[in-house]
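Undergrad: Below you will find the structure I want to go over with you.
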Amino acid sequence: MRCGGAGAGARARCVGRLFTSGLVAAWYASNIGVLLLNKFLLLTYGFRYPVFLTACHMSACALLSYAAVAASSSRAAPLRSRGQLARVAVLSAVFCASVVAGNVSLRYLPVSFNQAVGATTPFFTAVLAYAVAARREACATYAALIPVVAGVVIATGGEPSFHLFGFIMCISATTARALKTVLQGILLSSEEEKLNSMDLLRYMAPAAVILLIPATLIMERDVLSMVAMLAREDPSFIWILLCNSSLAYFVNLTNFLVTKHTSPLTLQVLGNAKGAVALYNDVYCNQQQMKIP
């Protein structure tokens, strides 16, 4: 993308687009890195504890956010009101609900069908953005989302492993992800509620950890003994877990930054595209492993 020879306004817009593209690329790269490390933990150690892993991610986000504030010369923005605190708490609760509901749905539905339903997240984001924030999209945007929903409806009727409760949990997780995106968009852009991305993550992450700990103890009761056993057998497991959790900080930070510089709906559309990029990288990595003698 060339910016030379243009007026000051055009150059500023061009620089803005380049900056946003860089944020999206950083979000994709960090997200794919976390996905690959998650898969490595699953295939190498048989580590099947997604709620605990998310709690580790949020713990790292909280610690690194506070460390970044302590290391910088700028002062962190305080929460301005009880209402703002309540909105951050709701954002944390919605995020945790999406994680828990998504993992419950995977107990009843195949991953492929789960991902197909998840592809409707942009539709729910557009609807909730209008309902919660009165944000309208172009008619063509709404029309473009209808075929995606129609495809899921057709797939639902033909899914041999369909389970009603699992489907309800899957839709709940999808709706919660959409609502989280809308809420974080409000907190990042509203003049009354505005927080920068790092401050929002710093306030949201500890609240999410508080909610995820009991969810972990209920849904994944043997996780602590499993972590202790794997750490004794292979100490590198702990380092991989720490690396995975630290990388999740950049995933969440860039997620907030992309939301701020685009829109909640754009974030979810980019998220669907990210899934395709992640799948390509996954296949490529598997092919490279097969070539190693």
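Matching residues to (1) outside any helix (DSSP H, G or I); (2) more than 19 Å from Thr254 (Cα to Cα):
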position: Phe40; (1), (2): no, yes
position: His57; (1), (2): no, no
position: Leu64; (1), (2): no, no
position: Arg75; (1), (2): yes, yes
position: Ala89; (1), (2): no, yes
position: Gly102; (1), (2): no, yes
position: Ala126; (1), (2): no, yes
position: Ala129; (1), (2): no, yes
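Undergrad: Please find, within the stretch 77-87, the residue that is farthest from Ile218 (Cα to Cα) out of those that are in a helix (DSSP H, G or I) and aliphatic (A, V, I, L, M).
TA: Leu85
Undergrad: Among (1) in contact with a Phe, Trp or Tyr (Cβ under 8 Å, 6 or more places away or on another chain); (2) free of Cβ contacts under 8 Å to residues at least 24 places away in the same chain; (3) under 23 Å from Ala86 (Cβ atoms), where does Tyr130 come up short?
TA: (1)
Residues are listed down the side, and each one gets a yes or a no for (1) crowded, with 20+ Cβ neighbours inside 10 Å; (2) at pLDDT below 90; (3) farther than 15 Å from Met204 by Cα:
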{"site": "Leu42", "(1), (2), (3)": "no, yes, yes"}
{"site": "Tyr45", "(1), (2), (3)": "no, no, yes"}
{"site": "Met58", "(1), (2), (3)": "yes, no, no"}
{"site": "Arg75", "(1), (2), (3)": "no, yes, yes"}
{"site": "Leu79", "(1), (2), (3)": "no, yes, no"}
{"site": "Gln84", "(1), (2), (3)": "no, yes, no"}
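Undergrad: Here is a follow-up. For the stretch 57-78, give me the residue count where each residue is of a type outside the set (Phe, Trp, Tyr), touching a residue at least 24 places away in the same chain (Cβ under 8 Å) and out of contact with any Asp or Glu (no Cβ under 9 Å at 6 or more places or on another chain).
TA: 8
Undergrad: Condition (residue is more than 30 Å from Ala138 (Cα to Cα) and in contact with an Asp or Glu (Cβ under 7 Å, 6 or more places away or on another chain)) applied to the stretch 105-117: is it met by at least one residue?
TA: No, there is no match, as no residue in the stretch 105-117 is more than 30 Å from Ala138 (Cα to Cα) and in contact with an Asp or Glu (Cβ under 7 Å, 6 or more places away or on another chain).
Undergrad: Next question. When both residues are 6+ apart or on different chains and their Cβ atoms are under 9 Å apart, which pairs have a first residue that lies in the stretch 13-33 and is in contact (Cβ under 8 Å) with a residue 12 or more places away in the chain, and a second that is surrounded by 15 or more Cβ atoms within 10 Å (Cβ to Cβ) and not in a helix (DSSP H, G or I)?
TA: Thr20/Thr262; Leu23/Thr262; Val24/Thr262
Undergrad: Further, regarding this structure: In the stretch 5-24, which residue that is among the hydrophobic types (A, V, I, L, M, F, W, C), more than 21 Å from Val251 (Cα to Cα) and assigned to a helix (DSSP H, G or I) is modelled with the lowest pLDDT?
TA: Ala8
Undergrad: Something else: Looking at the stretch 86-101, can you tell me whether even one residue there is closer than 16 Å to Leu211 by Cα, free of Cβ contacts under 8 Å to residues at least 12 places away in the same chain and of a type outside the set (D, E, K, R)?
TA: yes
Undergrad: Can you confirm whether the stretch 133-152 contains a residue that is closer than 30 Å to Arg202 by Cβ, in contact (Cβ under 8 Å) with a residue 12 or more places away in the chain, touching a helix residue (DSSP H, G or I) at 6+ places or on another chain (Cβ under 7 Å) and in a helix (DSSP H, G or I)?
TA: yes
Table: residues versus (1) farther than 22 Å from Ala129 by Cα; (2) at pLDDT 95 or above.
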{"residue": "Phe237", "(1), (2)": "yes, yes"}
{"residue": "Ile240", "(1), (2)": "yes, yes"}
{"residue": "Asn255", "(1), (2)": "no, no"}
{"residue": "Thr262", "(1), (2)": "no, no"}
{"residue": "Lys274", "(1), (2)": "no, no"}
{"residue": "Lys291", "(1), (2)": "yes, no"}
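The values are calculated or read from the model by the stated rules, or taken from the named source; none is laboratory data. What you are looking at is a predicted structure, and each value in this text was computed from that prediction instead of being measured. Methodologically, a virtual Cβ is constructed for each residue, glycine included, from the backbone with ideal geometry; neighbour enumeration extends over all protein chains shown.
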